[in-house]
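Reviewing the structure listed below.
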Amino acid sequence: WKFKHDLSLRGEKQVKRQKIVAELVATEESYVNSLSTVMDIYYVKLGVLAESPRPLLSRSEVSAMFSNWEILLEIHEPILVSLNKRLSTWHKHQQVGDIFDKMAESLKAYTMYVNQYPIALSTLRLHQSEPDFAAFLKNCKKDPRCKSLDLESYLIMPIQRVPRYLLLLQDLLKNTWKGHADYQNLSTALTKVKKVAEHINYKKRQSESMAKMYEIQNQLDGYPEDIVAPHRSYIAEGDVVLQASNGSERGRHLFLFSDILVYTSRQIKRRKTFRRSTIRYVHEKDFSLRGLTVENLADYGK
């Protein structure tokens, strides 16, 4: 009975394996088509226009918006070819894990795209209300290859691809028994893709931290050195109310970094010309975190 039960389970897993690989191929084909569509309809055209007398975007803005899009396409086209070959000759011993094992390292190219993605969105949103650029986007969206999707919908697709690989590979490994020829390759590939995903997320956090430190540095007056430093990372910030022994209260703004706590006062400067105000922070003190401990306390007085 147990033998028949095991055979039945393997039969079910074989069916599921084929369905998962079919989904891998379908999503890969859709993704490669989307990358190609953006290359042909947006990227190349905007690049050509950038060199014309009436550019819609500058060359640097085109690069900022699409980052390493062309490299991503070059990575995924051969993956799609390999997956299609395996699915078209499918049998119960067929393997796909080796494809992902070999390509895992190349997925680190997504680090650059993920880091540039906020800049891509801000560049798009900055210009999309301009009449000429808005008309260009509208015409591109009408192209049948765009399937009525706007550019912003395409720009997020690379952000979603590596997490999608993780989910599909996990599902595929779950439905591959240990004695199968593909089991070890899938296990190794999944481990590698997980590490790449962690690497991408780590670099993203680093990039966000660096951008935040530059922002703070540009708003901070009186600090004797640069806030931005290779060894430092941004952690948090917030307003605090300090109470003196005589009962008076003073509001202050604190910036917490990985190695220091910066204690500032906030100033609001009004610009008469533009009728706008800007917030500046004036450095008062800073404390090294070396040897300090942090305690989580309940709100004072509660």
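The values are calculated or read from the model by the stated rules, or taken from the named source; none is laboratory data. These figures come from a predicted structure and were not determined experimentally. Here Cβ is always computed from backbone atoms with ideal geometry, including for glycine, and neighbour counts include all displayed protein chains. Surface areas here come from the heavy atoms of the whole protein model, side chains and all, with no ligands, DNA or RNA. Shrake-Rupley method; radii C 1.70, N 1.55, O 1.52, S 1.80 Å.
What number of residues within segment 64-82 are open to solvent by less than 60 Å² (accessible area, probe 1.4 Å) and over 19 Å from the mean Cα position of the chain (by Cα)?
3
Count, please, the residues in segment 175-214 that happen to be more than 13 Å from V162 (Cβ to Cβ), among the polar types (S, T, N, Q) and out of contact with any helix residue (DSSP H, G or I) (no Cβ under 7 Å at 6 or more places or on another chain).
4
Tell me, yes or no, whether segment 51-63 has at least one residue that is under 20 Å from the mean Cα position of the chain (by Cα), surrounded by 15 or more Cβ atoms within 10 Å (Cβ to Cβ) and without any contact (Cβ under 8 Å) to a residue 12 or more places away in the chain.
Within segment 51-63 (the criterion being under 20 Å from the mean Cα position of the chain (by Cα), surrounded by 15 or more Cβ atoms within 10 Å (Cβ to Cβ) and without any contact (Cβ under 8 Å) to a residue 12 or more places away in the chain), the answer is yes, since at least one residue qualifies.
Checking the conditions here, which among G47, G97 is farther than 26 Å from L168 by Cα and open to solvent by less than 20 Å² (accessible area, probe 1.4 Å)?
Exactly one residue qualifies, and that residue is G47.
Determine whether segment 83-94 contains at least one residue that is closer than 26 Å to H199 by Cβ and more than 17 Å from the chain's Cα centre (by Cα).
Yes, some residue in segment 83-94 is closer than 26 Å to H199 by Cβ and more than 17 Å from the chain's Cα centre (by Cα).
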